[in-house]
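Encoded as structure tokens, the structure appears first; notes follow it.
Values quoted throughout were computed directly from the atomic coordinates according to the rules given, and no laboratory measurement underlies them. Computed from a predicted model, the values in this text were never measured in an experiment. Please note: Cβ atoms are built from the backbone with ideal geometry, for glycine as well, and neighbour counts cover all protein chains shown.
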Amino acid sequence: MGRRFKLKSLLAIALLSNAVTACGGTSKGSGSTSAISSSAAATAAAPATNTAGVTPTGRHTKDSNDGDSDPESDDDLEVLDYGHVANAADRQAVTAVVSRYYAAAAAGDGVEACSLIYGLFAETIAEKGGRTVPPTMIENTCGASISKLFAQRRLLLTAEAAMMVVTGVRVEGKKALALLRFGSQPELRNMPMRREGGGWKVDEELDHGMP
């Protein structure tokens, strides 16, 4: 009788232990499910990534006309959105200077071209090769130097001068970019400009393509 009672007690303890273990396992599984559900909810609530090539303002930035190694880039905006749109007076002044500069380049007239170049940059051109040039000779020396560049590109510059159109001007302080189109070429180019005195001067020997 005593032995039978002892066996029943041991069986009851074993059954109770299994029940407790089962409850613990269920609780742990429920916790994992809850964690997964919370993670999924957080993912669903996260904002979508902008992959459509559109800025927060809704402007499309993709440009395949660069001719560079990243045809889906938006790097043209550093030129197209440079500074702000020039006022009418600045646009007219920049357009006139750029037109005169291209005419001089096509004619191979380096002295005329250098008269339209920003003073410090003209000095840099004149002093290429480590030469020291008196201020009174900078324009002529710059002219002789840049005439060589124009001669190397004479045919191209002549053709481009005939079809060059200033389509816009962007200003940032004392600097500006003249946006240029050449005939039916799809990609704009740009000429850096610098304010000097009461007007504008060219700040490069030749224009730039887009980035």
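About its Cα centre, what dipole magnitude does region 151-201 give when the only charges are +1 on Lys and Arg Cβ and -1 on Asp and Glu Cβ, stated in debye to the nearest 20?
With Lys and Arg at +1 and Asp and Glu at -1, about 200 debye.
By per-residue mean of other Cβ atoms within 10 Å, what is the highest-first order of 167-180, 142-155?
Per-residue Cβ counts within 10 Å, averaged per peptide and sorted highest first, yield 167-180, 142-155.
How would you order 97-109, 79-91 from highest to lowest mean count of nearby Cβ atoms within 10 Å?
97-109, 79-91
Run the numbers for residue 78 and residue 187: contour at 0.36 nm per residue of separation, minus the present Cα-Cα distance, in nm.
Extra length from residue 78 to residue 187 when fully extended: 37.8 nm.
In debye, nearest 20: dipole of region 77-202 around its Cα centre with unit charges on the Cβ of K, R (+) and D, E (-)?
Computed charge dipole of region 77-202: roughly 80 debye.
Quick one, can you get me the convex hull of the C-alpha atoms of region 63-207 expressed as volume per residue in Å³?
Output value, Cα hull per residue: 123 Å³.
If I stretch the segment between residue 172 and residue 148 completely, what's the gain in nm (0.36 nm per residue apart, minus their alpha carbon distance), one decimal?
Fully extending the segment from residue 172 to residue 148 adds 5.5 nm.
If you add up the charges near residue 110, with Lys and Arg at +1 and Asp and Glu at -1, over every other residue whose beta carbon is less than 11 angstrom from its beta carbon, what do you get?
Spelling it out: positives minus negatives among the neighbours equals -3.
Below 8 Å, C-alpha to C-alpha, sequence gap of six or more: please give me the relative contact order for region 77-202 in percent.
Taking the mean separation of contacting Cα pairs over the length of region 77-202, I get 31 percent.
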